[in-house]
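Here the structure comes first, spelled out in structure tokens, and everything after it is commentary.
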Amino acid sequence: MPALSGELVVFTIASILAIGFALAMVLQKTPVRSVLSLVVTFFGLAIFSIQLAAPFIAVLQVFVYAGAILVLFLFVIMLLNLSQEATEEDARPIQRRLGFVAALALGGVLSGAALRAPMPKGVAPAITPLADEIPMIGRLLFSDYLLAFEALSFLLLVAAVGALLLSKRRFE
Amino acid sequence: MTGALPGVAPMAVPPGAYLVVGTLLFAIGLAGTLLKRNALSIFLSIELMMNAVNLLFLTYARMRGDMAGQMIVFFVIAIAAAEASVGLAIFVALFRVRRTVDVDEIALLKW
Amino acid sequence: MNQFWLIPVLPLAGFVVNGLVALLAASGRAEAERGQDQPKARLPYGQRLFHGVVGVGSVGLAAVLSFAALVPYVLESLKSPEGLAPVVQHVYTWMAAGDYTVEVAFRLDALSALMLSFVTFVGTLIHVYSVGYMQDEEGYGRYFAYLNLFMFAMLTLVLADNLPLLFVGWEGVGLCSYLLIGYYYDKDFAVAAGKKAFIANRVGDLGMVLGIFGIFALFGTADFSFVELAKRAALAPGAHISVYAVCLLLFLGACGKSAQVPLYVWLPDAMAGPTPVSALIHAATMVTAGVYLVARCSAVFVLAPDALTLVAWIGAGTAIFAASIGLAQNDIKKVLAYSTVSQLGYMFLACGVGAFSAGMFHVFTHAFFKACLFLGSGSVIMSMHHEQDMTKMGGLSSRIPQTFRTMLAATLAIAGIFPLAGFFSKDAILGATAASGHWALYAVGLFTAGLTAFYMFRLVSMTFFGKARGDAHAHEHAHESPATMTVPLWILAAFSIVAGFLGVPAALGGTDRIGRFLEASVAHPEIGEMSHGVEIGLMLVSLGVAVTGLVWAWRWYGRAEGPPEAVSAQASAFYARTGALGKLVADKWNVDEGIEALVLSPFRKIGTFLWRGFDSLVIDGIANASAFLVELAGDLMRFFTTGHVRNYALAFSLGALVFILYVWVR
Amino acid sequence: MSPTLSAALEGLGKIVFIWGVVLAAMLPNLIWMERRIAGLIQDRPGPNRVGPFGLFQAFADVLKMFMKEDVVPIYADRLLHTLAPFILLVPSLAVVAVVPFGSRIPLFGREISLVVADVNIGILYVFALASVGVYGLVLAGWASNNKFALMGGIRSSAQVISYELSMGLAAIATLMAAGSLRLTRVVEYQANGTFLGFLPLWNCFTQPLGCIIFIIAAFAETNRVPFDLPEAEAELVAGYHTEYSGFRFGAFFMAEYLNLVASSMMMTTLYFGGWSFPFLPHAGLAGGLLSIAVFFAKTMCFIFLFMWVRWTLPRFRFDQLMDIGWKALLPLSLLNLLWTGALVLLKVI
């Protein structure tokens, strides 16, 4: 058993937050509240990221996910004025039961698999000193991952154009 | 936490704990995807699943002392942004036509 | 002058210029005439002048160059008793495969010099003739482009130093032949005739290609150096092919190109092209390529006497067969076409009995008088406003006297009347046949000579003598052709008369210069000796046969006259006198029908079977069955295809679950 | 004193100092200041009764708000309605933590860096928090269950997302110049060096375009005039805080001024050399204290600019706002990026 350290405490709190609000996200009937729950979950995930020596990713997660994507969700939800989920009975109750079972089973199987996978023994090798992480990411992006990076920029451009076209009202 | 270099220090939290939290979040997201009927909620659940996977990537990157995991997460986040913008635009367009985003009412895959 | 690679390149340049200008002009014209009902057939004078100058100029220049090259060569060659060594000029390496290279190389030796002389000369004359003959045609530029391309290919064929390059020219002339036969591409029969020529030639070309491979297998090279090897009978060690087979394959190629039985069927139909084309390609030059090939490979043929005998019999058979068909044709060009086939048969007969130089001599003389005849017929046709049926002609001698006189000279030449060109060359063949001891072949040749005289004089009689039949109006308006047409006629007629003096045999006090000249290039196996007395006797006999034929034709047709109603009587005169055999002859021995019945119809039946039986039932059955299976599967899958995205997601995750479990358990 | 304890004490001291200054010293005075400036511009006295020059007016206002009834509409989402103002408060307060408000001062034998948290991802951290701040407005708008409030919320979300982009792209140019995301590095870079031989190497001189874009975007991010469409009293009553009153309305009020302070601090830090000033020393105790003074003086200048603009310019229409954001600022910020890149590449800066 690892010693009870500050890091472990932070981890525990963050995981309770993340899982709790993730559950809340699913159980909420109101889309806006779902989004807000997810925001909290993402903050928990950002804390994990910092703990896993990835502060850049943590900030990115908050910046992009919480700050942009979920705000976009909120915007759309409010634009469409969606308040409540449909209440009438599911046409196929089997979907509900099977879906529940599948999610449960997949979660169990995956955690089992993750836990049973061989763990590295001893101290994990250092990634990099914290101060050098961002230049390193920059260098990697423009060397080893250059192709992916360029493809990504193209994808973003296409997505922007696509989103614009899709949401444009067509005047006939 | 200034001054602490988490990358150098041994992991105080066993990596398995991160993995379990990640898979649990994934399962919750999956449940949401399968059980929700509002398209936007389903979309949110998918985002949760992606982030759960991101957590796994980061954990493995930390375990292996390798930057590749972080790079993948970087790309996943960027792609998620693209996906969200297009997906939401689709929902907006869909809503204009059908006045609903209940996926059971827009069973357009069967025609 | 030894830069003779320029000789084929000049017409090629002419082709490029003419072709491009014609294309541009045609597209421009199409633009200008959009919306007009009647496209103007005749090109503007400027364009015609341009195409004429480029077309005639390029070929004429090539002719000048070739004579500048070959005259010194010939003179030099005649002085030395052994003849000159060939002059070979390498242009560049075409392909290199291991040790073996194929060069683009041109060769001037006795054989190619002879071919070169009349190809460029007659070619130039026919180009000049075409300037007048084609003046009303819309495709004037296209015509000259094709004709120049043909000259390029023919000169490549003639000058090539190896069989692959020769084959390039061989296929090139075939292509141009096809293009020019189908010149009137808006007429079905011309298109069909073009295709027929193309396909018949493919059959021969298959043999040709295999023959080239065979030569390579036999001698290890396809350069014409193999001729020297063949003279020493130096076969490559380990050649797995018999000389006999190679000779037969090459001869198959020659048969295709030179229209021998059984591949001759395309040549008469080839008359669908413009008449100068018939004169140049289908009489004077291209069709003699087969003879040239056999003469070129004569040393190889000598190694396989059985093959030579076959060549002789095919030649003789073709000669009499085609001549017999020619007897009853009413289309003026058809008569000449069958005559060409028949004369080509003579040439192969000469080659077959070993008198290759006699065969080439006949090629040479034939080029002049047959070109003259064709051009003359073109002049007649033009004056009769594109009427080709001889039964509707008659009495034209006074209307178009120049054409009449030149054609008469050429007719006498082809009939073998002393001392015109045909007499010497034909008699060289008949003499050699007799000397070789093949008396049956001699008899066939002699009889054919009589037939030749008959059908040729029949042609002249029906066209020029008697009174006008057919359309009186057309007859009245018949007019002599322009100078661009008559001048070539006169020149060709003159050569028809004098060309024979190049080969006056020893028996008549000559020295057979052409024979000696060709000795350096072609094989000359021992044929057998005849005393001069016997030779002169044989000449008198053949002369007598020819005169008999002439007189007979005069008696049947010479005074045939009468009003238009007499046309049918005129046409049926032949049947009336020859009965069932005549009918058969007039129907061209039903060869086309026979080919239809024996070759094409079975093919069609097989094709129909494959279509109805195999394709429709088996292939379509398989396709339909798989479609049915897919439909069945689709019906099955429809149950799962709810259209609800959540169902799919569920199925997807269940599948993932199963997959992960499988990976884990395994 | 053990190093850990002294470090903890140092951190605590800095936290107390900066938030004390911001919350206790600046905020109340800002309210007074704004009203006085409004008076100045509109040619009237402004508040001048409570205390000397009306300085205590702010306390009177706050007292009034606390006394008022705290109304929550009956169909509102009670939880979110309560939460929204505080969600808005947190990011601005957190931003202050990474701003270097002075150089270093030697104190008690320690060299103290005058920043609460010198994180290596400083600029990103600021933007991450700024982007989260919008939740307060959006939720306030949505939770009120009022169509004007909702409109305000929708407007603010669209507006903030749009301008965040240009703002971020402009700020990226500054970190390109400094070669670090660390805000202390950005300030030190500007403090040490000259541009064209006579100007301080402040980013406002090297990239004037980026500076202007950042300032405009900051106006939009803080929902200040001329970008105050989410409240737009002429169209939406009071926008997102239509249904707020009393204490919670006061929280919104406070948040607005906090945002003002935070934005001004960021402008100072990123573009105007932070705590540095030409010819003024910033080493040693005296220099350190002087640098603090310089920093807050600059910040106050920008706060004044905000107020000056507020009482001078009219409001944009929403389509104009979107046009400016997407069609003008975004391309211009890319241009600025190119410009700065060229400068860096040519070693001019």
Filter result for the condition that a residue is facing another protein chain (nearest Cβ under 10 Å) and farther than 30 Å from B:Ala81 by Cα, over D:Val116, D:Val132, D:Val126: D:Val116
Single condition D:Ile112 does not satisfy, out of (1) in contact with a strand residue (DSSP E or B) (Cβ under 8 Å, 6 or more places away or on another chain); (2) of a type in the set (Val, Ile, Thr); (3) at pLDDT 80 or above: (3)
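Taking the options D:Leu329, D:Leu321, D:Leu337, D:Leu313, name whichever one is at pLDDT 85 or above, over 30 Å from D:Ile105 (Cβ atoms) and crowded, with 22+ Cβ neighbours inside 10 Å. Break it down into steps so the answer makes sense when it comes.
Details: D:Leu321 fails: crowded, with 22+ Cβ neighbours inside 10 Å; D:Leu337 fails: crowded, with 22+ Cβ neighbours inside 10 Å; D:Leu313 fails: crowded, with 22+ Cβ neighbours inside 10 Å.
Answer to the check: D:Leu329.
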For D:Leu280: the one exception among (1) surrounded by 14 or more Cβ atoms within 10 Å (Cβ to Cβ); (2) in a loop (DSSP other than H, G, I, E, B): (1)
Hits in region A:24-58 (condition: within 7 Å of chain B (Cβ to nearest Cβ), closer than 21 Å to A:Thr12 by Cα and of a type outside the set (Val, Ile, Thr)): A:Met25, A:Leu38, A:Phe42, A:Leu45, A:Phe48, A:Ser49, A:Gln51, A:Leu52, A:Ala53, A:Ala54
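Take C:Tyr662 and tell me if it is surrounded by fewer than 11 Cβ atoms within 10 Å (Cβ to Cβ) and hydroxyl-bearing (Ser, Thr, Tyr). So that I can check it myself, show each step before the final result.
Details: surrounded by fewer than 11 Cβ atoms within 10 Å (Cβ to Cβ): yes; hydroxyl-bearing (Ser, Thr, Tyr): yes.
Yes.
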Test: residue in region C:397-407 that is modelled with pLDDT of 90 or more, closer than 18 Å to C:Lys334 by Cα and in a helix (DSSP H, G or I): yes
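Restricting attention to region C:161-175, which residues are touching a helix residue (DSSP H, G or I) at 6+ places or on another chain (Cβ under 8 Å), of a type outside the set (A, V, I, L, M, F, W, C) and within 11 Å of C:Val102 (Cα to Cα)?
So the first thing to find is which residues in region C:161-175 are touching a helix residue (DSSP H, G or I) at 6+ places or on another chain (Cβ under 8 Å), and the list is C:163-175.
Retained after the next criterion (residues that are of a type outside the set (A, V, I, L, M, F, W, C)): C:164, C:169, C:171-172, C:174.
C:Pro164, the sole residue that qualifies.
Considering only region D:1-38, state which residues are farther than 18 Å from D:Met254 by Cβ and either in contact with a Cys (Cβ under 9 Å, 6 or more places away or on another chain) or of a type outside the set (A, V, I, L, M) (or both). Give the derivation first.
Our first condition is that a residue be farther than 18 Å from D:Met254 by Cβ; within region D:1-38, this holds for D:1-17, D:36-38.
Of everything in region D:1-38, those that are farther than 18 Å from D:Met254 by Cβ and either in contact with a Cys (Cβ under 9 Å, 6 or more places away or on another chain) or of a type outside the set (A, V, I, L, M) (or both) turn out to be D:Ser2, D:Pro3, D:Thr4, D:Ser6, D:Glu10, D:Gly11, D:Gly13, D:Lys14, D:Phe17, D:Arg36.
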Top-ranked residue of region D:119-156 - restricted to ones that are free of Cβ contacts under 8 Å to residues at least 12 places away in the same chain and either surrounded by fewer than 23 Cβ atoms within 10 Å (Cβ to Cβ) or over 16 Å from the mean Cα position of the chain (by Cα) (or both), ranked as nearest to D:Leu229 (Cα to Cα): D:Leu150
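Test A:Ala124 against the stated conditions and say whether it is at pLDDT 85 or above and not assigned by TED's automatic domain parsing to the domain that holds A:Ser5. I'd like the intermediate steps shown before the answer.
On the way: at pLDDT 85 or above: no; not assigned by TED's automatic domain parsing to the domain that holds A:Ser5: yes.
No; evaluated as a whole, the condition is false for this residue.
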One residue from C:Val173, C:Val168 being at pLDDT 90 or above and either surrounded by 21 or more Cβ atoms within 10 Å (Cβ to Cβ) or more than 17 Å from the chain's Cα centre (by Cα) (or both): C:Val173
Among (1) within 25 Å of the chain's Cα centre (by Cα); (2) of a type in the set (Ser, Thr, Tyr); (3) not in a helix (DSSP H, G or I), the one test that C:Thr511 misses: (1)
Matching residues in region C:476-513 - criterion: being closer than 22 Å to C:Ile536 by Cα, among the hydrophobic types (A, V, I, L, M, F, W, C) and modelled with pLDDT under 85: C:Ala506, C:Ala507, C:Leu508
Any chance B:Ala84 is within 9 Å of the chain's Cα centre (by Cα), in a helix (DSSP H, G or I), of a type in the set (Gly, Ala, Ser) and crowded, with 19+ Cβ neighbours inside 10 Å: no
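Could you look through region B:21-71, keep only residues that are among the hydroxyl-bearing types (Ser, Thr, Tyr) and over 16 Å from C:Phe652 (Cβ atoms), and pick out the one that is farthest from the other protein chains (Cβ to nearest Cβ)?
B:Tyr60
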Some residue of region C:385-404 being without any contact (Cβ under 8 Å) to a residue 12 or more places away in the chain and not small (Gly, Ala, Ser): yes
Number of the condition not met by D:Glu164 [criteria: (1) surrounded by fewer than 23 Cβ atoms within 10 Å (Cβ to Cβ); (2) more than 11 Å from every other protein chain (Cβ to nearest Cβ); (3) part of a helix (DSSP H, G or I)]: (2)
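Considering only region C:273-362, give the helices (runs of 4 or more DSSP H) lying wholly within it that have at least 2 residues that are more than 19 Å from C:Asn201 (Cβ to Cβ) and not charged (D, E, K, R). Quick ask: steps written out before the conclusion?
Working: elements: C:275-279, C:289-296, C:298-302, C:305-326, C:332-352.
Those helices (runs of 4 or more DSSP H) span C:275-279, C:298-302, C:305-326, C:332-352.
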Qualifying residue in region C:204-221 (condition: out of contact with any Pro (no Cβ under 8 Å at 6 or more places or on another chain), in a loop (DSSP other than H, G, I, E, B) and of a type outside the set (D, E, K, R)): yes
Neighbours by Cβ (under 7 Å, 6+ apart or cross-chain): first from region B:91-103, at the interface with another protein chain (Cβ under 7 Å from one of its Cβ atoms) and closer than 20 Å to C:Asn647 by Cα; second charged (D, E, K, R) and crowded, with 17+ Cβ neighbours inside 10 Å: B:Asp102/B:Arg37; B:Val103/B:Arg37; B:Val103/C:Arg646
Index of the failed condition, C:Tyr185 passing every other in (1) under 22 Å from C:Lys334 (Cβ atoms); (2) at pLDDT 90 or above: (2)
Which listed residue, of C:Ala328, C:Ala337, C:Ala323, C:Ala316, is closer than 30 Å to C:Phe226 by Cβ and not aromatic (Phe, Trp, Tyr): C:Ala316
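The values are calculated or read from the model by the stated rules, or taken from the named source; none is laboratory data. Keep in mind it's a predicted model, so treat the numbers as computed, not measured. Cβ: placed from backbone, ideal geometry, glycine included. Neighbour counts: every protein chain shown.
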